[in-house]
Structure formats: C-alpha cells, structure tokens
Amino acid sequence: MERREFVASLVAGGCAGMCVDLTLFPLDTIKTRLQSQQGFYKAGGFRGIYAGVPSAAVGSFPNAAAFFVTYEGTKSLLAGSVSTHMTPITHMIAASIGEIVACLIRVPTEVVKQRTQASPSQHTHHVLLATLREEGVRGLYRGFGSTVLREIPFSLVQFPLWEYLKTVWWRRQGERLDSWQAAVCGAVAGAVAAFVTTPLDVAKTRIMLAKAGTSTASGNIPLVLYEVWKSKGVLGLFAGSIPRMTFISVGGFIFLGAYEKVRRMML
C-alpha cells in the first residue's frame with residue numbers, strides 16, 4: 001500500500017470511528033445494561049446514559065484507524081496473489097486480521113467503558129484506576145479472547161456482505177457508487193452481522209463486567225453462554241440485540257459512508 005493510501009485509510013478510519021462512537025453512544029449504554037448480569041435497571045437504567053463516554057472518545061480514533069489501515073493493507077497485499085473469484089476470502093482474511101490488531105486498542109477502552117456504563121455513579125478515571133489497582137494491566141485485557149471471537153465472525157459476515165452489496169449495486173447502475181450508497185450497503189451488512197453475533201457479544205459483556213476471581217471472569221465463553229441460556233433462555237442469549245442492531249446498522253451507515261467519503265477526498 002502506498003503512503004498516500006496508508007494516510008487516507010488512517011485518517012478516514014479514525015474519523016469514521018469517532019463519528020459513530022460518539023453519536024450513538026446512548027444506544028451502546030442501553031445495550032450494555034440489558035446484557036449485564038444485574039439487569040437493566042440495577043445497572044443504571046436510563047440514568048447516566050453517557051457514562052463511560054471519555055473512554056470511547058479516547059479509543060475510537062486509534063481503534064478504527066488501526067482496523068482500516070490493516071484491512072486495506074492486507075487487501076492490497078493479497079490482491080496480486082489470488083484470483084478474482086477468491087476476492088470474498090481476501091476480504092474475510094483482511095477483516096479478521098484488522099480486528100485482531102484493532103482489539104489491542106479496543107479491549108482496554110471497552111473494559112473501562114462498559115464497567116462505567118454498568119456503574120454510572122463512578123467516573124471513567126475511577127474505574128480505570130480501580131481496575132489497574134485490583135487486576136493490573138491484565139485486567140484491562142479481560143475479555144480480549146471473547147472480543148476477538150465476537151469481532152472475527154462479525155467481520156466475516158459484515159465486510160464480504162458489504163463488498164458484495166456494493167458490487168451488485170454498481171453493476172446494476174453501471175457506474176461507481178456514491179458515498180451514501182456505500183453507506184446503505186454498510187447499514188444492511190452491519191444489521192445482519194450484528195444479529196448473528198449477539199450471543200457472542202452477550203458473553204463478552206458478561207466476562208468484562210464479572211467480578212475478578214469468578215468463573216465468568218475466567219473467560220470461558222461456552223460456559224458463560226450456557227449459564228445465560230440456563231437462566232434466561234434464548235431471549236437471554238439475544239439480550240440487547242435490537243439496540244445492538246440499531247447501533248451497528250445506523251453506525252454502519254455513518255461509519256462506512258464517512259470512511260468512503262473521507263478516503264475518496266484524500267486520494
């Protein structure tokens with residue numbers, strides 16, 4: 001990838017990430033509280049809906065930038081070595097590697113953000129200091145495995161579907177898509193991927209919010225999913241799916257639309 005493309009992906013990805021995370025933050029808070037073990041109202045209900053926003057603000061730009069630089073770089077690297085019919089596989093591989101890299105930044109900010117969202121009486125910096133004091137740096141990476149295992153299936157669905165929808169639309173209209181059209185494709189792809197991966201998101205939330213030393217905090221995803229299913233059934237596994245789908249669908253529209261727009265402006 002050329003330097004100009006690298007910078008364009010970096011800036012476009014970072015700007016798109018900040019637009020989504022800050023605009024739709026209340027929906028993310030509601031989703032977290034619906035999925036928390038203590039229940040929606042005990043976790044804060046509709047009170048302090050912007051609790052944890054400083055953590056999201058700090059992490060959103062570098063997190064999204066890291067993903068798109070890796071995604072575009074891997075696509076460029078693989079493009080010359082695979083045939084055209086293997087393009088969806090290229091997108092899957094690029095998205096998966098991008099998510100793993102982005103999670104190195106995303107997980108610590110997500111841990112602090114979600115713990116603040118579930119305890120709105122505490123400030124972000126208090127949660128950060130308490131986590132470091134009680135669990136050390138490892139505490140900030142609690143749920144790293146479950147986050148990666150949520151993001152990779154999500155990306156395996158979202159990005160190939162996004163690229164496929166753009167290709168179909170482009171062929172039908174016979175010219176390059178506008179940014180808003182790419183955004184619509186992103187919204188549809190995001191909603192589908194969000195619903196399919198909601199149980200993994202529930203497990204990730206439970207693991208990040210669990211008290212240190214408990215069986216849930218150990219990060220055993222099948223065990224956490226089994227406990228949720230045993231106590232709350234299928235509805236428990238899909239808790240928060242509507243705000244999650246709304247967040248990611250609207251977020252996908254803003255995120256992928258803004259990314260395409262900013263990147264085209266810079267290239």
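The values are calculated or read from the model by the stated rules, or taken from the named source; none is laboratory data. Predicted, not measured: the structure shown is a model, and the values here were computed from it. Every residue, glycine among them, receives a Cβ derived from its backbone with ideal geometry; neighbour counts consider all protein chains shown. These area figures cover heavy atoms from the full protein model, side chains too; ligands, DNA and RNA do not enter into them. Shrake-Rupley method; radii C 1.70, N 1.55, O 1.52, S 1.80 Å.
List of remarks:
- Surface share of carbon and sulfur [accessible, 1.4 angstrom probe, percent] for segment 173-267: 68
- By accessible area, using a 1.4 Å probe on protein heavy atoms only, segment 40-170 has 69% of its surface on carbon and sulfur.
- For the chain, adding -39500 (n - 2.57) for each run of n ≥ 4 DSSP H residues and dividing by the number of residues yields -27000 deg cm²/dmol at 222 nm.
- Here the 3J(HN,Hα) profile of segment 94-105, calculated from phi with Karplus coefficients 6.51, -1.76 and 1.60 at θ = phi - 60°, is 4, 5, 5, 5, x, 5, 4, 5, 5, 5, 4, 9 Hz, Gly and Pro shown as x.
- Dipole magnitude for the chain: computed about the Cα centre from +1 point charges on Lys and Arg Cβ and -1 point charges on Asp and Glu Cβ, it is near 480 debye.
- Nearest 10 degrees, 0 to 90: helix 124-135 Cα axis against the chain principal axis: 70
- The dipole here belongs to segment 185-267: it is taken about the Cα centre, uses +1 on the Cβ of Lys and Arg and -1 on the Cβ of Asp and Glu, and is about 120 debye.
- 1.4 Å probe accessible area per residue over segment 15-146, in Å²: 45
- Of the peptides 4-14, 212-222, the order by per-residue mean of other Cβ atoms within 10 Å, starting with the highest, comes out as 4-14, 212-222.
- Amide H contacts of residue 210: none lie under 5 Å away among residues 5 or more positions distant or on a separate chain (H built 1.01 Å from N in the peptide plane; Pro and chain starts excluded).
- Think of the chain as having a plus end and a minus end, set by charges on the Cβ of Lys, Arg, Asp and Glu; of 200, 123, 39, 39 sits farthest toward the positive end of this dipole.
- Segment 222-267 and segment 190-209 have Cα centres lying 7 Å from one another.
- Derived scalar couplings ³J(HN,Hα) [segment 158-174; Karplus, 6.51 cos²θ - 1.76 cosθ + 1.60; whole Hz; x for Gly, Pro]: 5, 6, x, 5, 4, 5, 5, 4, 4, 5, 4, 5, 4, 5, 6, 8, x
- Phi to ³J(HN,Hα) by Karplus 6.51 cos²θ - 1.76 cosθ + 1.60 over segment 178-189, Hz, x for Gly, Pro: 6, 4, 5, 6, 5, 5, 4, 4, x, 5, 5, 4
- Rounded to 10°, Cα long-axis angle of helix 241-266 versus longest principal axis of the chain: 40
- Helix 198-209 and the longest principal axis of the C-alpha atoms of the chain enclose an angle of approximately 50°.
- Surface per residue (accessible, 1.4 Å probe) for segment 168-267, Å²: 50
- Unit charges on C-beta of K, R, D, E only; dipole of segment 85-155, Debye: 140
- Averaged over residues, the count of other Cβ atoms within 10 Å places the peptides 129-136, 238-245 in the sequence 238-245, 129-136, highest first.
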